[in-house]
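Let me begin by presenting the structure, written as structure tokens, before commenting on it.
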């Protein structure tokens, strides 16, 4: 589409003008973002409520609090992040300047998801701006109220040519992906992730893919079940289960299965009261398509709790399934809904094997008092990230990278990792034109003698012994000089 | 092809066995590689000579010296590279363990190039092994002697399973040889990372194949690396260094200075200096110098010779197809639109284009794709910094060429059309690792989590803001901590004193504590 070409072309021309290079400009834009979030808070919360039936306080906690933290961090650290980073030098480069220089990439594309519709475009945008790029922002059309709001607000607070918002669905995104970008950060599912990467390949555009998977949650017999289940309940049913790092399913010994169910039920009561549907803290499924998908997963399952659903309001009650079979539909894809299957395993060995038979998930959770067991699970599995004895929390540590591995994604962001993701780290070596004679070794004509000397200077192994010899020789000379002086005087 | 499925499947099964996880195993493999390089040095040099007409000393300097350095570094640093890396914690995680844990990815694929056929598979292999992966190695078929040698040697020195069947030795680090059809089949398999060295056209094909499996890629591609020579510089030295880097390996180096940009007034001096240096390096008869390589094959020979058509040849131009010999060649007054300025030359042809100023040079560079390397020669450091800040490239060397490649603490890689990702030294280890974020909490202090649980409220939000947003924290946290500390200390002191001197001091000390607490309280709220 002509529109896409125009928008991206304008962003590229704006980038080439050089105005987003200066740190002052970038800080100014970040301050503008911060102002936008503070001034228009009510509208943002209202849009999120319209999209996901999320209460103001919850929307603030989920989507604004963390964003304000990221903005504060970026503004605080920008100068140090953008500064050249000197590197350790070797014998050949002792006299030279050697450093890694972070540079903007150019025009980047941020494709958001609908489950945290504001945060998932804004948080990457903070990094993209901090790194000095122009950024095309494409919020998810499924969370249409937030998408519309982002399209309205950004031009009021940010340079509209450098940071255009493009709205639309699959056709528009497909057209957008035909354009050339210098980096694409996509948040969503693995199927579309492959499409994004294939489109990026045509232009040799590097990608960061924040995808998903089935994040397992292993509960050891040796743990405080009340606390464990309360934390799991919080992370699972937050946003009605529509969280990329929500604990997808539980693995535990059959002897504790019913206790787990009881604890979760009790916690659900604490959190949402008797009538979940009327709790302002319980969200809704984003649309009918996902509603039907999730309800379909319940077929043939043993429902230990919940199961009530109302299509008109896209309400699905917090649901627990027990004695779930690994082959059932609910164990095929990421649930992304308020349905928690419990599968029984006889040992942590079995749990590890179960996890390793499947695609690497975005997150992994282990609950146990036994730190040794936790370390074992970590070392014998892989996942994007993990939290032990809690859920979700690793994503809230600002100095940790947030991203997947394998089917759950590639690359990472958050905090400085966002800045690095949207930067090119250019290797710089600045020499001078002096000391040319030291280069003789490298010039033709070549000879075995030159090679031996090169080995001497460059290979540590040779150095360790010989440097000592050299030092010894020097000391010997000094001793001789001193002896001479003493004998003379 | 079934063969590819089998080879990759075996590597995956071998990886899953878990034996390449331990640091001891990885060190053992790296030692094996080092032994291979030292013991079979002559065969390696002979293979490279057969492929590129490269002398033993040059082949050693280009392809073995650096590799030995990388092996030594990896073996020395492996333990620290593989160790969990603690991260700075925040208020929420003060009591927890928070670290980044490097993990192997699984089965990685290394596709080499023909111009430095040995080091371009070996150097990535060092990083892949150090990071704990299984590795499928695919050397370039164009450098066929080296490819065959690598296929023969690796199984003799890596993953030597002191058991049973011969083919078991090839499980973790198999070598796959072949051309385009074999590589295409190989790319249908699923890998956990692919590092490809070569050209941008094939780079796109590799990335597209990787996309089908969501495999991350490191692409070490190429481009036309510009070389700007400022009027204010020691031309003799500059030209000697440029000559070295340009004609090394007969121009077939991904970071060779591709073309020169300089003021018209120094063009002829540049030509003279390069000519003089060529004489120093290769003598009167370049063809008979053991230090001058050959073009790798007829196809590339014809491609490069074709670039000379219609050009002003200031030096060289002689070519002999039978031996794939092309003399060191300099072209002057080259037009930006000519064929020689379209693609990466990758041959011993050095075009000089004149520009009126460094501004024009910068503009010229920025109109084109981001190159893999960029060179500036000037005594004026300020000018060098300006060129760096107003252009982009994979890497830069100021006042020399190639040399940023040899400092392993610098990441080596491209940007834009010249590639993505980087390696060398620790960067290799990181490229072939997954950096997993790990947060280990305990099940205590559950009451502190109340803020996050439903039912939500504005009050809870305000408290969360208080604890989590630095802006609020900076002043208040300091005062709160101070007040609390003082209270606690005085409280303890008071208790101790009271215990020793019971009645009298008891009341006085308590009064003091209360006074401080109320003072602190008033300041806060």
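Return the residues of region A:134-163 that are assigned to a loop (DSSP other than H, G, I, E, B), under 16 Å from residue A:120 (Cα atoms) and touching a residue at least 60 places away in the same chain (Cβ under 8 Å); say none if nothing qualifies.
A:142, A:143, A:163
Out of everything in region A:428-437 that is facing chain B (nearest Cβ under 7 Å) and touching a residue at least 40 places away in the same chain (Cβ under 8 Å), what residue ends up being farthest from residue A:217 (Cα to Cα)?
Restricting to residues being facing chain B (nearest Cβ under 7 Å) and touching a residue at least 40 places away in the same chain (Cβ under 8 Å), the top hit is A:432.
Condition (residue is outside any strand (DSSP E or B), touching a helix residue (DSSP H, G or I) at 6+ places or on another chain (Cβ under 9 Å), surrounded by 22 or more Cβ atoms within 10 Å (Cβ to Cβ) and in contact (Cβ under 8 Å) with a residue 24 or more places away in the chain) applied to region B:79-87: is it met by at least one residue?
Within region B:79-87, not a single residue is outside any strand (DSSP E or B), touching a helix residue (DSSP H, G or I) at 6+ places or on another chain (Cβ under 9 Å), surrounded by 22 or more Cβ atoms within 10 Å (Cβ to Cβ) and in contact (Cβ under 8 Å) with a residue 24 or more places away in the chain.
Among the residues of region A:51-68, count how many are in contact (Cβ under 8 Å) with a residue 40 or more places away in the chain and farther than 19 Å from residue A:392 by Cα.
Residues that pass the stated criteria total 4.
Given (1) under 25 Å from residue B:246 (Cα atoms); (2) without any contact (Cβ under 8 Å) to a residue 40 or more places away in the chain; (3) over 25 Å from the mean Cα position of the chain (by Cα); (4) buried (at least 19 other Cβ atoms within 10 Å of the Cβ), where does residue B:398 come up short, assuming only one miss?
In the conditions (1) under 25 Å from residue B:246 (Cα atoms); (2) without any contact (Cβ under 8 Å) to a residue 40 or more places away in the chain; (3) over 25 Å from the mean Cα position of the chain (by Cα); (4) buried (at least 19 other Cβ atoms within 10 Å of the Cβ), residue B:398 misses (3) alone.
Would you mention how many residues in region A:353-367 are closer than 16 Å to residue A:247 by Cα, facing another protein chain (nearest Cβ under 9 Å) and either more than 22 Å from the chain's Cα centre (by Cα) or assigned to a helix (DSSP H, G or I) (or both)?
Summing the residues that are closer than 16 Å to residue A:247 by Cα, facing another protein chain (nearest Cβ under 9 Å) and either more than 22 Å from the chain's Cα centre (by Cα) or assigned to a helix (DSSP H, G or I) (or both) in region A:353-367 gives 1.
How many of the residues making up region B:405-422 are part of a loop (DSSP other than H, G, I, E, B) and either within 27 Å of residue A:385 (Cβ to Cβ) or at the interface with chain A (Cβ under 7 Å from one of its Cβ atoms) (or both)?
Count: 8.
In this structure, is residue A:386 free of Cβ contacts under 8 Å to residues at least 60 places away in the same chain and over 30 Å from residue B:19 (Cβ atoms)?
Here the answer is no, as residue A:386 does not meet what is asked.
Do you know which residues across region B:257-287 are within 12 Å of chain A (Cβ to nearest Cβ) and either under 30 Å from residue B:359 (Cα atoms) or outside any loop (DSSP other than H, G, I, E, B) (or both)?
Residues satisfying the conditions are B:277, B:278, B:279, B:280, B:281, B:282, B:286.
Which residues, taken from region A:385-404, are in a loop (DSSP other than H, G, I, E, B), more than 7 Å from every other protein chain (Cβ to nearest Cβ) and under 24 Å from residue A:369 (Cα atoms)?
Across region A:385-404, the qualifying residues are A:391, A:392.
Please work out which residue is surrounded by the fewest Cβ atoms within 10 Å (Cβ to Cβ), limiting yourself to region A:353-364 and to residues that are in contact (Cβ under 8 Å) with a residue 40 or more places away in the chain and within 19 Å of residue A:254 (Cα to Cα).
Out of the qualifying residues, it is A:354.
When you go through A:208, A:174, A:146 one by one, which is the residue that is crowded, with 24+ Cβ neighbours inside 10 Å, at pLDDT 95 or above and more than 12 Å from chain B (Cβ to nearest Cβ)?
A:146
Exactly one of these conditions fails for residue A:425: (1) more than 7 Å from chain B (Cβ to nearest Cβ); (2) under 22 Å from the mean Cα position of the chain (by Cα); (3) farther than 26 Å from residue A:217 by Cα. Give me its number.
Tallying (1) more than 7 Å from chain B (Cβ to nearest Cβ); (2) under 22 Å from the mean Cα position of the chain (by Cα); (3) farther than 26 Å from residue A:217 by Cα, residue A:425 fails exactly one: (1).
Yes/no matrix, rows are residues, columns are (1) closer than 27 Å to residue A:64 by Cα; (2) part of a loop (DSSP other than H, G, I, E, B); (3) in contact with a helix residue (DSSP H, G or I) (Cβ under 9 Å, 6 or more places away or on another chain):
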position	(1), (2), (3)
A:92	no, no, yes
A:103	no, no, yes
A:116	yes, yes, yes
A:122	yes, no, yes
A:128	yes, no, yes
A:132	yes, yes, yes
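From B:71, B:65, which residue is within 11 Å of another protein chain (Cβ to nearest Cβ), out of contact with any strand residue (DSSP E or B) (no Cβ under 8 Å at 6 or more places or on another chain), surrounded by fewer than 20 Cβ atoms within 10 Å (Cβ to Cβ) and in a helix (DSSP H, G or I)?
Of B:71, B:65, the one residue that is within 11 Å of another protein chain (Cβ to nearest Cβ), out of contact with any strand residue (DSSP E or B) (no Cβ under 8 Å at 6 or more places or on another chain), surrounded by fewer than 20 Cβ atoms within 10 Å (Cβ to Cβ) and in a helix (DSSP H, G or I) is B:65.
On the basis of being more than 14 Å from every other protein chain (Cβ to nearest Cβ) and closer than 27 Å to residue B:51 by Cβ, does residue B:302 make the cut?
Yes; evaluated as a whole, the condition is true for this residue.
For residue B:234, state whether it is farther than 24 Å from residue B:59 by Cα, more than 24 Å from the chain's Cα centre (by Cα) and at pLDDT 95 or above.
yes
Quick one: how many residues across region B:4-25 are free of Cβ contacts under 8 Å to residues at least 24 places away in the same chain and part of a helix (DSSP H, G or I)?
5
Identify, please: which residue in region A:442-461 is modelled with pLDDT of 90 or more and within 15 Å of residue B:402 (Cβ to Cβ) and is, among those, surrounded by the most Cβ atoms within 10 Å (Cβ to Cβ)?
Applying the filter and picking the extreme gives A:444.
Can you give me the number of residues within region A:259-286 that are surrounded by fewer than 19 Cβ atoms within 10 Å (Cβ to Cβ) and touching a residue at least 60 places away in the same chain (Cβ under 8 Å)?
Selection size over region A:259-286: 1.
Considering only residues that are more than 7 Å from every other protein chain (Cβ to nearest Cβ) and outside any loop (DSSP other than H, G, I, E, B), which ones fall in region A:372-384?
A:372, A:373, A:375, A:376, A:377, A:379, A:380
Condition first: part of a loop (DSSP other than H, G, I, E, B), over 23 Å from residue B:265 (Cβ atoms) and in contact (Cβ under 8 Å) with a residue 24 or more places away in the chain. Now tell me which residues in region B:319-352 satisfy that.
Within region B:319-352, B:324, B:327, B:328, B:343, B:344, B:345, B:346, B:347, B:348 qualify.
The values are calculated or read from the model by the stated rules, or taken from the named source; none is laboratory data. Computed from a prediction, not measured in an experiment: that's the story for all the values here. Quick reminder, even Gly has a Cβ in these numbers, built from the backbone with ideal geometry, and neighbours come from all protein chains shown.
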